[in-house]
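Peer 1: Please find one structure pasted underneath; my questions will follow.
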Amino acid sequence: MSDSTPFWGPDFDALTAIDPEIATVVTDELDRLREGLQLIASENFTSPAVLAALGSTLSNKYAEGYPGKRYYGGCEVVDRAEEIGIARAKSLFGAEHANLQPHSGASANLATYAALLAPGDTVLAMSLPHGGHLTHGSKVNFSGKWFNTVAYGVREDTELIDYDEVRELARQHQPKMIICGATAYPRLIDFEAFRSIADEVGAWLMVDAAHFIGLVAGKAIPSPVPYADVVTFTTHKVLRGPRGGMIVCKEDLAARIDKAVFPFCQGGPLMHAVAAKAVVLKEAATPEYQSYAKQVIVNSQALAEGLAAEGMRPVSGGTDTHLSLIDLRETGVTGKDAEARCGAANIVLNKNAIPFDPEPPAVASGIRVGTAAVTTQGLTDGDMKEVAALIGRAVRESDGSAAAEISAAVGSLVSAHPAYPRD
Ligand SMILES: *Cc1c(COP(=O)(O)O)cnc(C)c1O
């Protein structure tokens with residue numbers, strides 16, 4: 001870049017002048033992020049560098065195809081972003097092949113199924129009510145409509161994945177693919193056990209690492225990459241990148257995966273998002289990020305312990321990751337009410353079904369909390385004790401009388417560690 005080529009990027013004054021309504025949405029949302037405690041387990045705060053790539057003119061470029069093999073001219077510059085990103089993904093995850101183009105986690109899963117399965121094939125995956133994902137065979141999703149899905153769950157006594165049940169179901173149903181990885185499972189997954197079950201029945205093993213890939217990137221938990229045929233993930237959860245998806249796989253599946261992403265499932269890639277993925281892959285390879293990933297888990301365990309002390313039971317007795325699933329039945333408050341009461345106090349979390357939940361999903365007996373975002377803003381395990389006490393108070397306060405007081409306490413906690421500083 002020469003000195004005469006200024007960066008042409010996000011111009012908030014232009015947005016305000018052209019569209020004050022949307023400009024206000026943007027600033028109100030920033031205020032909401034700054035003023036509350038963001039405990040949604042799938043969210044994080046992206047860095048200014050990632051946001052700069054996302055807000056760049058790379059958004060303009062049509063680049064159907066892959067670097068060096070595009071269907072449009074003028075791709076030689078954006079090719080560099082994708083090549084750099086692919087090299088970083090392979091190096092960070094020790095993967096043989098990487099595809100940065102999936103628009104989302106759901107798109108990455110769709111492409112993987114398209115690459116390895118045919119409609120009507122049998123897939124063995126974790127049941128949604130036990131923590132699995134919509135795209136792992138729910139009847140309201142393409143995965144449940146197009147494949148014959150068989151579900152495994154957790155044991156009622158331990159609330160841990162029942163590997164004996166997984167092996168039993170695999171032998172019985174002979175799935176073409178086995179999927180592990182979840183949205184609401186707080187424990188480590190035994191990828192080696194899943195590999196051995198998949199090998200026994202000749203199934204592909206897909207690991208959907210959407211939630212925890214950031215912890216893998218930060219070397220805080222074991223990697224599924226050596227065990228899985230394909231690992232899919234989102235780039236916006238603990239990993240802290242732009243909203244999007246990614247796939248890594250063995251070299252012998254590279255061509256099948258690439259063709260499934262484009263042209264089978266998608267058209268042109270979002271090159272600004274691909275560039276932003278490259279940025280986060282660089283950030284995630286640093287010692288700072290590795291400390292972050294470890295602190296996310298330390299904070300998560302402190303929060304789970306704090307909530308247990310408030311009479312709220314962590315499902316499975318605790319957590320090994322960034323998230324906890326909390327059984328509220330002892331408090332007599334439903335997940336739905338707890339979410340609303342915490343929300344009124346600027347504590348943002350979600351209701352969540354617990355395994356064997358007696359309540360319907362729209363009510364739920366639990367909440368799910370994650371520490372990826374609060375750790376990014378610099379809160380520590382000491383702060384998590386206070387956060388747990390504030391949640392305990394908010395959940396128990398049925399008449400809302402303490403909401404203002406709790407949100408004031410939230411305000412002073414987060415203003416000491418702003419999500420996005422004001423200057
Ligand atoms: C979040 C998530 C997804 C979906 O990601 P989107 O980007 O929302 O499509 C897929 N699988 C799992 C396990 C997830 O947690």
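Peer 1: Quick one: divide the alpha-carbon radius of gyration of region 54-284 by 2.2 N^0.38 Å and tell me what you get.
Peer 2: Compared with the compact-globule rule of thumb, region 54-284 sits at 0.99.
Peer 1: Additional query: About the Cα centre of region 287-415, what is the dipole size in debye to 20, counting +1 per Lys and Arg Cβ and -1 per Asp and Glu Cβ, all else neutral?
Peer 2: The calculation lands at about 120 debye.
Peer 1: What does the extension gain come out to for Glu64 and Ala389, with contour length at 0.36 nm per residue minus their alpha carbon separation?
Peer 2: Full extension of this stretch gives 111.9 nm more.
Peer 1: Full extension from Arg171 to Asp19: what is 0.36 nm times the residue separation minus their Cα-Cα distance, to one decimal in nm?
Peer 2: Additional length available on full extension: 48.8 nm.
Peer 1: Another one. Which one of His322, Gly311, Ile354 is farthest out on the positive end of the charge dipole of region 234-375, using unit charges on Cβ (Lys, Arg +1; Asp, Glu -1) and the Cα centre as origin?
Peer 2: The Cα lying farthest towards the positive end belongs to His322.
Peer 1: Let me ask something else. What shape does region 1-148 take by its C-alpha gyration tensor, where a ≥ b ≥ c are the square roots of the eigenvalues and a/c under 1.5 counts as rounded, a/b above b/c as prolate, and the rest as oblate?
Peer 2: oblate
Peer 1: What FRET efficiency comes out for Ala193 versus Ser412 if R0 is 41 angstrom and r is the Cβ-Cβ distance? Round to the nearest 0.05.
Peer 2: The value I calculate is 0.35.
Peer 1: In whole Hz, what ³J(HN,Hα) sequence does region 310-319 give by Karplus (6.51, -1.76, 1.60; θ = phi - 60°), x for Gly and Pro?
Peer 2: 8, x, 10, 7, x, 4, 6, x, x, 8
Peer 1: Please list 3J(HN,Hα) in residue order for region 250-263, calculated via the Karplus relation 6.51 cos²θ - 1.76 cosθ + 1.60 where θ = phi - 60°; whole Hz, with x for glycine and proline.
Peer 2: 6, 4, 5, 9, 4, 5, 5, 5, 4, 5, 6, 5, 9, x
Peer 1: Starting with the highest mean, order 315-325, 77-87, 337-347, 395-405 by the number of other Cβ atoms within 10 Å, averaged over the residues of each peptide.
Peer 2: Result, highest mean Cβ count within 10 Å first: 315-325, 337-347, 77-87, 395-405.
Peer 1: When a/c is below 1.5 the answer is rounded, else prolate if a/b is larger than b/c, else oblate, so apply that to region 382-423 with a ≥ b ≥ c taken from the square roots of the Cα gyration tensor eigenvalues.
Peer 2: oblate
Peer 1: Also, I was wondering about something else. May I ask you to compute the full-extension gain from Glu29 to Ala362, defined as 0.36 nm times their residue separation minus their alpha-carbon distance, rounded to one decimal in nm?
Peer 2: Separation in residues times 0.36 nm, less the Cα-Cα distance, equals 117.4 nm.
Peer 1: Something else about it: Can you give the local net charge around Gly94? Use residues other than it whose beta-carbon is closer than 14 angstrom to its beta-carbon, Lys and Arg +1, Asp and Glu -1.
Peer 2: It works out to a net charge of +2.
Peer 1: Okay, next question. Just tell me which aspartates and glutamates come within less than 20 Å, Cα to Cα, of Lys69; anything on the same chain fewer than 8 places away is out.
Peer 2: Asp79, Glu82, Glu83, Glu96, Glu251, Asp252, Asp258
Peer 1: Going by the alpha-carbon gyration tensor, a ≥ b ≥ c the square roots of its eigenvalues, is region 315-423 rounded (a/c under 1.5) or, if a/c is not under 1.5, prolate (a/b greater than b/c) versus oblate?
Peer 2: Oblate.
Peer 1: In whole percent, how big is the carbon plus sulfur part of the accessible area of the chain, probe 1.4 Å, protein atoms only?
Peer 2: C and S atoms contribute 55 percent here.
Peer 1: Across every pair of different alpha-carbon atoms, what Kirkwood hydrodynamic radius in Å does the chain reach?
Peer 2: That comes to 22.4 Å for the chain.
Peer 1: Calculate one ³J(HN,Hα) per residue across region 169-186 by plugging θ = phi - 60° into the Karplus curve 6.51 cos²θ - 1.76 cosθ + 1.60, and present them in order as whole Hz with x for glycine and proline.
Peer 2: Residue by residue, region 169-186 yields 5, 5, 4, 5, 9, 6, x, 7, 9, 10, 10, 10, x, 8, 9, 9, 10, x Hz.
Peer 1: Measuring with a 1.4 Å probe in the full set of protein chains, what accessible area per residue, in whole Å², belongs to the chain?
Peer 2: Per-residue accessible area for the chain comes out at 42 Å².
Peer 1: By per-residue mean of other Cβ atoms within 10 Å, what is the highest-first order of 370-383, 53-66, 268-281?
Peer 2: Output ranking for 370-383, 53-66, 268-281: 268-281, 370-383, 53-66.
Peer 1: Quick one: which residues, 5 or more positions from Val150 or on another chain, have an amide H under 5 Å from its amide H? H modelled 1.01 Å from N in the peptide plane, none for Pro or chain starts.
Peer 2: Counting only residues 5 or more places away or on other chains, the set is Val123, Leu124, Ala125.
The values are calculated or read from the model by the stated rules, or taken from the named source; none is laboratory data. Because the structure is predicted, anything quoted here is derived from the model rather than measured. A quick note on method: Cβ atoms are made from the backbone with ideal geometry, for glycine too, and the neighbour counts reach across all protein chains shown. Just so you know, the surface numbers come from the protein's heavy atoms only, side chains and all, with ligands and any DNA or RNA stripped out. Shrake-Rupley method; radii C 1.70, N 1.55, O 1.52, S 1.80 Å.
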